[in-house]
1. For the structure I just gave you, tell me whether Phe140 is open to solvent by 70 Å² or more (accessible area, probe 1.4 Å), in a helix (DSSP H, G or I), of a type outside the set (D, E, K, R) and within 28 Å of Asp74 (Cα to Cα).
2. Exactly one condition in (1) open to solvent by less than 10 Å² (accessible area, probe 1.4 Å); (2) within 12 Å of the ligand (Cβ to nearest atom) is not met by Leu19; state its number.
3. Write out, first by first residue and then by second, each pair whose Cβ atoms fall under 6 Å of each other, whose residues are 6+ apart or on separate chains, and whose first residue, in segment 1-22, is assigned by TED's automatic domain parsing to the domain that holds Thr75 while the second is more than 16 Å from the ligand (Cβ to nearest atom) and part of a helix (DSSP H, G or I).
4. Where residues in segment 55-88 are of a type in the set (Ser, Thr, Tyr) and free of Cβ contacts under 8 Å to residues at least 24 places away in the same chain, which of them is farthest from Lys8 (Cα to Cα)?
5. Any idea which residue in segment 36-54 is farthest from Leu163 (Cα to Cα), counting only those that are in contact (Cβ under 8 Å) with a residue 40 or more places away in the chain and within 10 Å of the ligand (Cβ to nearest atom)?
6. So in segment 143-186, with the set limited to residues that are over 15 Å from the mean Cα position of the chain (by Cα) and of a type in the set (Lys, Arg), which one is least open to solvent (accessible area, probe 1.4 Å)?
7. Pairs, please: C-beta under 7 Å, at least 6 apart or cross-chain, first residue within 15 Å of the ligand (Cβ to nearest atom) and in segment 101-126, second open to solvent by 80 Å² or more (accessible area, probe 1.4 Å) and not in a helix (DSSP H, G or I)?
8. Among the residues of segment 61-84, which ones are of a type in the set (A, V, I, L, M, F, W, C), more than 10 Å from the ligand (Cβ to nearest atom) and open to solvent by 30 Å² or more (accessible area, probe 1.4 Å)?
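The values are calculated or read from the model by the stated rules, or taken from the named source; none is laboratory data. Keep in mind that this is a model prediction, so the values were computed, not measured. Cβ placement follows ideal geometry from the backbone for every residue including glycine, while neighbour counts extend to all protein chains displayed. The protein model used for the area step is the full one, side chains on, heavy atoms only, and it has no ligands, DNA or RNA in it. Shrake-Rupley method; radii C 1.70, N 1.55, O 1.52, S 1.80 Å.
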Amino acid sequence: MLKLYYSKGSSAIAAHVLLAEVGAAHTLVEISIPKGAHTSDAFLAINPKGRVPVLETPQGVLTENPAILEYIADTYPEAGLAPEGAFAKAKARALSAYLCATAHVAFAHKQRGLRWAREESSLKDMQSKVAENIRDCAVFLENDLDLAPWAMGESYSYCDPYLMLMARWLKANDIALDPFPKLARHFDAIKARPATQEVFALHGLS
Ligand SMILES: N[C@@H](CCC(=O)N[C@@H](CS)C(=O)NCC(=O)O)C(=O)O
């Protein structure tokens, strides 16, 4: 049985939605970041990086959104959420890598800026650029992706619940979705899916 460690409203939403999409039997363990549970010895023994999501699988522990999402999609091939063929797989990994290493990291500078700065002045300067960087990520994605209607084309894939986080990162930086009509349409479409609604309700999101 799969076990997902998550914090409400965190990027773990993507894996959570995907588990619901594929109908995977799973259990949930809440690791509340606001309460500091991600820094507890018990959690660090599971993920020394002190981050969520973590997925416990029959083969062992997985961390990192791209790996977790692809694992879930590959484990439930009947759901058809893993692109097929070398090129499509690589395109999905490219989007996943961008969301993980560029967009999510840009967002993390808002609350986790102390990872990159010692001086208060450096921190403030860096944080003042977060919204601009997130907007740049959205501009890139809006131009780069067809979103017709899904991230990888006609079929919903494991990239879609991950891409959905972009709308949340924009909102957290008070950036409206209006200038990004394709991303806005994608967010509406994904929010309308029963799996997303179920997970949003649990996370207290709208
Ligand atoms: N690269 C990791 C990032 C995970 C991550 O930073 N998760 C956040 C929640 S969205 C977290 O656990 N933050 C706690 C911290 O940064 O101390 C991934 O994609 O899974």
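1. Values: open to solvent by 70 Å² or more (accessible area, probe 1.4 Å): yes; in a helix (DSSP H, G or I): yes; of a type outside the set (D, E, K, R): yes; within 28 Å of Asp74 (Cα to Cα): yes.
It is true that Phe140 is open to solvent by 70 Å² or more (accessible area, probe 1.4 Å), in a helix (DSSP H, G or I), of a type outside the set (D, E, K, R) and within 28 Å of Asp74 (Cα to Cα).
2. Going through the list (1) open to solvent by less than 10 Å² (accessible area, probe 1.4 Å); (2) within 12 Å of the ligand (Cβ to nearest atom), Leu19 breaks only (2).
3. Val17/Ala195; Val17/Thr196; Ala20/Ala195; Ala20/Glu198; Glu21/Ala195; Val22/Ala79
4. In the first step, residues of segment 55-88 are kept if they are of a type in the set (Ser, Thr, Tyr); the result is 57, 63, 71, 75-76.
Pick out the ones that are also free of Cβ contacts under 8 Å to residues at least 24 places away in the same chain and you get 63, 71.
Values: Thr63: 17, Tyr71: 22 Å.
Looking at the filtered set, the residue picked out is Tyr71.
5. Looking at residues that are in contact (Cβ under 8 Å) with a residue 40 or more places away in the chain and within 10 Å of the ligand (Cβ to nearest atom), I get Asn47.
6. If we take residues in segment 143-186 being over 15 Å from the mean Cα position of the chain (by Cα) and of a type in the set (Lys, Arg), then Lys182 is least open to solvent (accessible area, probe 1.4 Å).
7. Partner pairs satisfying both residue conditions: His109/Trp116.
8. Val61, Ala79
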